[in-house]
Amino acid sequence: MDGTRKLMALHSKTRKCIFLFLSLLVFGFFFGHCKLDLNNPSDPRSRSYFETALWNAYLNSLCSPNVRGSFPLGSGNTLIVPLSIKALRSGNTVVTALTQEPLVWSGTSNGIHTNHQNAVLNGVVFVIDKSFSRILWLDYIGEMSYGVEDWPTPEVISVDEFSNGDLGFFALVNGTGRTGTLNAKSGTVAFFLSRYNQYSGEIVWQGYVNKDNTRMTTKGYAMTITPLDQMAILYQGISEATTPTSDSTGLSFPGLPSPSTSSNSTIVSQKEIGIALISGNGSGISQRFLPNIGTNTEALFFKSYSDKLLIAGNTSNEFISFSGHPRLNEERGFYGIINSSLSLDAVSYYGPTTASTSFNFQKSLFVNGEIFLAGKINQPDSTPNTIHPYQGTSGRRNYQILKPDRSSTSLLWSQYLGTTSYNVPDVLPGNLSYNSSRGEVVGNLLTADNGTPYTGISSDILSGSVVNALGQARLKMNPTTGAFHQIQLYEGTSDLSGNNGRFISNQTEICSGRMVTAFSLFTSFSAIATARSLEISTRPAAEEP
């Protein structure tokens, strides 16, 4: 016991020393640069900016890799779909999901603002404290009956963190609009945009980003917060189904001017990407389109990094002024860099030149300034640094994981995962993550339904077996080279019929190798889209498989 007390005292002294050192460092900066009167947390020259950085550094020093906890949610009677998990600088965790029923948390089934709309599906967001002992608050952001697929991307409800710890949310909603908003909701669907206090759930401000519903698709949208505390939002516009016209209107939001660049819209039902900037106070700044000459362009990755916005997705043709698409009029992957004027600095396209190829990105990971894109492909292509080759003959569906260079958009490596005789599943759970204690990219993929193991993988890497339907593969890989460290096959269901399953739908690192995982629980493999409950859990880093 004395040893434990001494160890705790040592940790306490270490934290105090770190905090004192950072305090003196920041004080010295203030004194040397004479910026004591500035009070803008978005301005790197201001007092508040460094106070925020200091506080975040202190909170990060409180990281505990040995926490354990679990939160099961849902009665088992209605549809619940987990979406994203995000680790916050405070050590808290924010989770997003879709639910058909009010969820019970802290002894109540009411959200903190009591606004569940009892519709087919509602968007739900909640924050779990850093010790994983309780849900701090839970709120329903609106009915979300449109654009929700069987295996939706986590960005169906986008969430990001402001410099002071506030949370920004962005999602496509329908149904009755809220009261007390910056502006009213117009049309059948609109984007709900808001800023919440992370700790209390208090709404700092909320509003609706409106758009003519005939010129907006119900997927391919996202939000990210820039270092200047601006909310960059992305969506997929669409031209008319008969006589297409260029879109020069864009989105409608308080203070938001018309697009500086209109859409191309020369093809019926043409889908193009639009981007807008909203200030942290809830006022529009600018917007524009990224015109493309093809029929379909959709983003699945959209993140802020330094003074740039990074974007990736799939497109059937080329962005204007950026050539190089490997097979025009067929869907291929792309990665691009957007500058502060919301125009493209660079774009690279990825994928085979072979005709009639099934290729698209489905999930992404951005960590440590590195980008990883994952999807499926049914033809080999001449990508670089392929340690694990394409499996099977032409037409065999493989998983593919690629890493583009963040700054140049050139492709660094590409790896395949599949079998010579069977297709991998057509879906990909959104759970690629990074484990810093191991220096590995980790993920849980679905295996072939008949339990066939992956081929082309050496026996010292591949282990385990799968008998039941919806088996899973735990993947660990080197982020620098893409080499697979380990692939472990394991059962994802509890019986031979594939019923009563439990699989990992998403995961993220929260602290020094400790992961937070979202498990989706379902009753029937034949109706996987009717998942009936979810579980958010964490365990000590040393117990991670």
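The values are calculated or read from the model by the stated rules, or taken from the named source; none is laboratory data. Just so you know, these numbers come straight off a predicted model, no measurement behind them. Cβ placement follows ideal geometry from the backbone for every residue including glycine, while neighbour counts extend to all protein chains displayed. The area values use the complete protein model at the heavy-atom level, side chains included, leaving out ligands, DNA and RNA. Shrake-Rupley method; radii C 1.70, N 1.55, O 1.52, S 1.80 Å.
Please compute the modelled spin-label separation between S358 and S394, points set 7 Å along Cα→Cβ, answer in nm with one decimal.
A separation of 1.6 nm, rounded to one decimal place.
Could you state how much accessible area S131 has, in square angstrom rounded to the nearest 10, with a 1.4 Å probe and all protein chains kept in place?
Result for S131: roughly 60 Å² accessible.
Please work out, to two decimal places, the log10 of the ratio I(q)/I(0) at q = 0.16, 0.23, 0.24 Å⁻¹ from a Debye calculation in which every Cα of region 256-305 carries one identical scatterer.
Log10 of I(q)/I(0), two decimals: -0.54, -0.91, -0.94.
Tell me, what are the semi-axes, in whole angstrom and largest first, of the equivalent ellipsoid of the chain as set by the roots of 5 times the Cα gyration tensor eigenvalues?
33, 32, 25
Keeping all protein chains in position, work out how much accessible area L521 exposes to a 1.4 Å probe, and write it in Å² to the nearest 10.
L521 exposes around 50 Å² with every protein chain in place.
I need the calculated FRET efficiency for the pair T242 and A184, taking r as the beta carbon distance and R₀ as 22 Å, to the nearest 0.05.
It comes to 0.15.
Length gain on complete extension for the stretch S70 to V204, per 0.36 nm per residue less the alpha carbon to alpha carbon distance?
Separation in residues times 0.36 nm, less the Cα-Cα distance, equals 45.3 nm.
Sorting I278, I285 by accessible area (1.4 Å probe), largest first, what list results?
Listed by decreasing accessible area, they come as I285, I278.
Between V120 and A542, what is the label-point separation in nm under the 7 Å Cα-to-beta-carbon projection?
The answer from the label model is 4.9 nm.
Give, rounded to the nearest 20 debye, the magnitude of the charge dipole that the chain has about its Cα centre when Lys and Arg contribute +1 at Cβ and Asp and Glu contribute -1 at Cβ.
So the magnitude is around 1060 debye.
Structure shown: which of K211/K303; K130/K219; K303/K376 lie over 30 Å apart, alpha-carbon to alpha-carbon?
From the list (K211/K303; K130/K219; K303/K376), the Cα-Cα distance tops 30 Å for K130/K219.
Considering only P389, P65, S414, whose Cα is most displaced toward the positive end of the charge dipole of the chain, charges sitting on Cβ of Lys, Arg (+1) and Asp, Glu (-1)?
Highest projection toward the positive end goes to P65.
Separation between the D460 and S131 pseudo-spin-labels, each 7 Å from Cα along Cα→Cβ, expressed in nm?
So the two model labels end up 4.5 nm from each other.
For the chain, what does the accessible surface come to per residue with a 1.4 Å probe? Please give it in Å².
40
Can you work out the PRE-style zone for Y305? Point 7 Å along Cα to Cβ, and I want the residues of region 451-490 with backbone N under 20 Å.
477-483
Where the accessible area of region 379-487 is counted over protein heavy atoms with a 1.4 Å probe, how much of it, in %, is carbon and sulfur?
Carbon and sulfur together cover 48 percent of it.
Which of rounded, prolate, oblate describes region 421-545, given a ≥ b ≥ c as roots of the alpha-carbon gyration tensor eigenvalues and a/c under 1.5 marking rounded, otherwise prolate only if a/b is larger than b/c?
oblate
Tally Lys/Arg at +1 and Asp/Glu at -1 over every other residue whose Cβ is under 11 Å from the Cβ of G175; what's the total?
That works out to +1.
Rounded to the nearest 0.05, what FRET efficiency do S109 and N213 have when you use their Cβ-Cβ distance and R0 = 35 Å?
With R0 = 35 Å, the Cβ-Cβ based efficiency is 0.65.
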